[in-house]
Each structure stands twice: as C-alpha cells, then as structure tokens.
Amino acid sequence: KTGYTALDYGFVNTAATKSAVTYIDGDQGILRYRGYPIEQLATHSSYLEVAWLLLYGELPSASELEAFDDRIRRHTLLHEDLKRFFSSLPPTAHPMSVLSAATAALSTYYEDESDPHNPEHVELNTIRMLAKLPVIAAYAHKKSVGQAFLYPDNGLSFVDNFLKLNFGVLSEVYEVNPVMSRALERLLILHEDHEQNASTSTVRLVGSTGANQFSSISAGINALYGPLHGGANEAVLAMLAQIRDSGESVQRFVERVKNKEDGVKLMGFGHRVYKNYDPRAKLVKESADEVLDALGVSDPLLDLAKELEEIALSDDYFKDRRLYPNVDFYTGVIYKAMGFPTRMFTPLFAIGRLPGWLAHWREMQTDPQTKIGRPQQVYIGSPERDYPRI
Ligand code: SDX
C-alpha cells in the first residue's frame, strides 16, 4: 500500500507547539494577535504598533512606540560593503533569493553581538532586522529595475520610507501617496503573524538549534518563497494573467482545476487551517476596490479574480473541500496597482511577516521547555535485512 499517513499507524502528534502569540479558529475564520481581532488592528493600528504587540505581548504606550520607531529609524543603514553584495548577483535574481541571502549575510556583520541568550543582543538584532529587511527588499527591487539605490530617509514613517526607497529616484522629489501608504500599512498588518505556518515553524525549528535571529529569519524567508506558501501571491497574478492571455473562459479554467489537469491549482484558494473564508482575504478584498479607485487604477485582473471567486464558491468541488480565498488571492492586484513588480509581492509578505517570525523566535528562545526541534517520524521502510555480499 502506498501513501500511508501517520494516522494509519494510529500516530497522533501530541507534541503541538505552545504559543501565546496568535490565535486562529479555522472553522470560524477567526484571527487574533495577542487576543486582539485582526479586523480591529488592521483598521486602527500601525505596522510598528502591532510589531510591538507581537514581540512584547501588550500594546505599547505612546512613548514606547515613539522610542521603538526612533530606534528602528536609526538602524536602517546597511553596511556599505553589504550594498556591494547586490552587484554580485545577476539582474534577473529573484528578490526572495536576494532577501534570504542578504539576511544571512547580515549576521556576518554582527557575529560578536548575536548570542541568542544575551537579551541585549536579542533586542538589538530584532531592531536591526525590522529596520534593514525593508531596505534589503527595496534594494532588490531597485536592482531588478536597474535604478540607483536610495539612502533611507529617517524623516519619514516606516511605511513611507519603504515606499520612497522603492519608488523614489535621485533626480526627483518623492511625494508619498497617502492612499498607498495607508493601504500598504493595512496589508503589512494583515501579514504580521499567522501561528505555526510553514515559514514560522521553520524559524522556530532553526532557532531551536541555537542559530541567531538573522540565520533563522533567512531560513523562514526561504520557506515563504514556495508557491504553496507566500509565493502564492505572485502565482495568483501569473494565474490570472494566464487566463486572460489564453482567452479561455473562467469556467473552462475552473473545470481544468477540478479535473486536476496538469496539476493546475486555483492559486490563492485553500488553506491548511481556514476551512472557511480567510478573514484577511475578506479585508483585502474590501480594500482592493477602494485602493484601485483612489489610485485611479482599473485592472481587469481584479474583475477576473472576482469572477473566479464567484464561480468557485458556487461549485460543489470547492465547497465540498472547504476551499475559500486565502490572504494571497487579492493582495497581488493591490500591490500591482501600487506599482510593485509581481516578483516583489512575496518580499512584501516577508516584511509583513517579520514581526511574527521574530516574536516566535524570541518566545521559543526564552521558553525553558524549548528543546532542539526534531519532528517525529513513522518508519515505513524495509524491515531488517542482510547485506548480500558479506
Ligand atoms: C499561505 O499556514 C498558513 O497560515 C499559511 C498562510 C500564512 O499566513 O502563513 O496563511 C499563507 O501560505 C496561504 C496559502 C497560499 N497557497 C496557495 O494559495 C496555493 C494553493 N493552495 C493549495 O496548494 C492548498 O490549498 C494549500 C497548500 C494552501 C493547503 O493544502 P491542504 O490543506 O493540505 O489541502 P490538500 O492539499 O489536502 O487538498 C485537499 C483537497 C485536495 O483535493 P482531493 O485530493 O481531495 O480531490 O483540496 C484540493 C486538493 O487537490 N485543493 C485544491 C486547492 N487546494 C486544495 N484544489 C484546487 N486548487 C487549490 N488551491
């Protein structure tokens, strides 16, 4: 018999990870960061305020938030040598590869300040990661479009500085679009954490060996890159464009998905936990129309996405499998309207998820119960046998 599952052997994983960071109810479509509903945080909070909440468990006071924001601004510069790292890569380098490589390279500058059991080192490197990952992502973007890197502008907010690093050019004054700024802030908040997803579990597993924050986050970035995980937001746009360019009807595409022709999937649909509508997808869909209208952008791919969702949600194949849009289904249309190339979508997911990764790494590091990760196995291979040429 092939395709045994552990459950076939009566194996139930009792060693579930214990965490106080995020709560998800997949059947009810509930997501809360440290007890606060995602709907409230996405509407009223900011990326850095939510980052503090995830890291420290409580909302910051105004002075705590101000000091946190200020500290991050003062760590946005990359070592000048690290800037040359980008020129060693081909212009076609995918920004997610650049992000994970540059993040791993960051640790080489701070090796004498990276003891995972030294609270000062942990705090300092958390700040460094939050400050520098957006800069690395923006430099990967600039490299891909052949434009000069800008220096961070500490006079701007976290999100506005990131927008300027991506879209500003040396020859002009950059004006931040407040609609883009607020929309990106909301999208980043929606991505900040999501319990024990593949990339967060990777960060915890790598960190459990005693690896520092940079190395652990670099591993998480690599896990997120996969098209079944964070890479799905990029894959959704490719799927929508393929439907548009092929001229095939949406109904015909859905039939191909149901027949599993060539392994085609409805990217941006389905989830390991949500067997109801992903609450984040609902919020993103709501803001998609608003953002595109405010930016004066009309994109037939948004209409195509809505048509695809409508057809899928009325089809028993998807209803029976409890497949709904997830966070990746609509985000790409908004990122595209903002002017980000498709290959920058997953780096945007990574910047959003960074506070969650750091919060889980720190939770794991400070838990005295933590042991080195070693996922259990059910052996289904050959029984003992003798080597034939003894
Ligand atoms: C993220 O874990 C997290 O929290 C992740 C995330 C986060 O914030 O960190 O939420 C972010 O990664 C969201 C997911 C992004 N990925 C995609 O959109 C890729 C497309 N989705 C699928 O690959 C899939 O839905 C997964 C990987 C997301 C979840 O897979 P599951 O839960 O293991 O589902 P499954 O593979 O067991 O499928 C069950 C059935 C199968 O059909 P049958 O074999 O029973 O006939 O549903 C089908 C699957 O073929 N199915 C799909 C489908 N997803 C599942 N069929 C078509 N299109 C899909 N997208």
FRET efficiency, R272 to E111 (Cβ-Cβ, R0 45 Å, nearest 0.05): 0.80
Using just the helices of the chain, give the 222 nm mean residue ellipticity in deg cm²/dmol: DSSP H runs with n ≥ 4 each add -39,500 (n - 2.57), and the total is spread over all residues, rounded to 500. -17500 deg cm²/dmol
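Suppose the chain between E310 and L170 were pulled fully straight at 0.36 nm per residue; how much longer would it get relative to their current alpha carbon spacing?
On the way: separation 140, 0.36 × 140 = 50.40 nm, distance 4.45 nm.
Length difference between fully extended and current span is 46.0 nm.
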Cα Rg, Dmax, the range 255-390, angstrom units: 21.6, 77
Inter-label distance, nm, simple model (7 Å from Cα along the C-beta direction), A241/E261: 2.2
Just want the ordering: K371, K275, from fewest to most Cβ atoms lying within 10 Å of their own Cβ. K371, K275
Just want the answer: with Cβ charges of +1 for Lys and Arg and -1 for Asp and Glu, which residue in I311, F340, L295 is farthest toward the dipole's positive end in the range 280-345? F340
Need the list of aspartates and glutamates near K306 for cross-linking: C-alpha distance under 13 angstrom, and skip anything on the same chain fewer than eight residues off. E286, D289
Putting +1 on Lys and Arg Cβ atoms and -1 on Asp and Glu Cβ atoms, find which of A223, F329, N161 reaches farthest to the positive end of the dipole of the chain. A223
Given the candidates V257, I30, L99, the one whose Cα lies deepest towards the positive end of the charge dipole of the chain, counting +1 at each Lys or Arg C-beta and -1 at each Asp or Glu C-beta, is V257
Roughly what would the spin-label model give for R84 and D289, points 7 Å off Cα along C-beta, in nm? 5.4
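Can you put D299, D278 in order of Cβ neighbours within 10 angstrom, beginning with the fewest? Present the calculation step by step, with values, prior to reporting the outcome.
Numbers: D299 16, D278 27.
Neighbour counts put them in this order, fewest first: D299, D278.
So which DSSP H runs in the chain come out at 15 Å plus along the axis (Cα) with average Kyte-Doolittle of at least 0.0?
95-106, 178-191, 213-225, 232-246, 300-313, 328-338, 345-366
What percent does the relative contact order of the chain come to when contacts are Cα pairs within less than 8 Å and at least six residues apart?
Working: 511 pairs, mean separation 91.8, N = 390.
It comes to 24 percent, rounded to a whole number.
Assuming a viscosity of 1.567 mPa s and a temperature of 4 °C, what translational diffusion coefficient in µm² per second does Stokes-Einstein assign to the chain, Rh being the Kirkwood radius over Cα pairs? Write out the running numbers ahead of the final one.
On the way: Rh = 22.3 Å.
Answer, rounded: 58 µm²/s.
Over the range 172-303, what relative contact order in percent results from Cα pairs under 8 Å that are six or more residues apart? List each step's numbers first, then the result.
On the way: 67 pairs, mean separation 31.7, N = 132.
It comes to 24 percent, rounded to a whole number.
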With +1 assigned to the C-beta of every Lys and Arg and -1 to the C-beta of every Asp and Glu, and no other charges, what is the dipole magnitude of the range 240-390 about the Cα centre in debye, to the nearest 20? 800
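Among I72, I221, which comes first, second and so on when ranked by fewest other beta-carbon atoms within 10 Å? Display every interim value, and only then the final one.
Details: I72 22, I221 30.
Result, fewest neighbours first: I72, I221.
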Mind scanning K142/K265; K260/K319; K143/K336 and naming the pairs with a C-alpha gap bigger than 24 Å? K142/K265
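Give the range of the longest stretch in the chain that excludes all chymotrypsin sites (Phe, Trp or Tyr not before Pro) found in loop regions by DSSP and having at most 11 other beta-carbon atoms within 10 Å. Don't skip to the end; give the middle numbers.
Details: sites that count: Y4, Y379.
Longest site-free region, per DSSP loop and neighbour criteria: 5-378.
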Using alpha carbons only, how many angstrom separate the centre of the range 362-389 from the centre of the range 255-309? 38
So, with +1 on the Cβ of K and R and -1 on the Cβ of D and E, and no other charges, what is the size of the charge dipole of the chain about its Cα centre, to the nearest 20 debye? 1040
Dipole magnitude of the range 271-343, debye to nearest 20 (Cβ charges: Lys/Arg +1, Asp/Glu -1, about Cα centre): 480
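Each reported figure results from applying straightforward, stated rules to the coordinates on display, with no laboratory input. Predicted model, so just to flag it, every value in this text is computed and none were measured. Cβ coordinates were reconstructed from backbone atoms using ideal geometry, including for glycine residues, and neighbour counts include every protein chain displayed.
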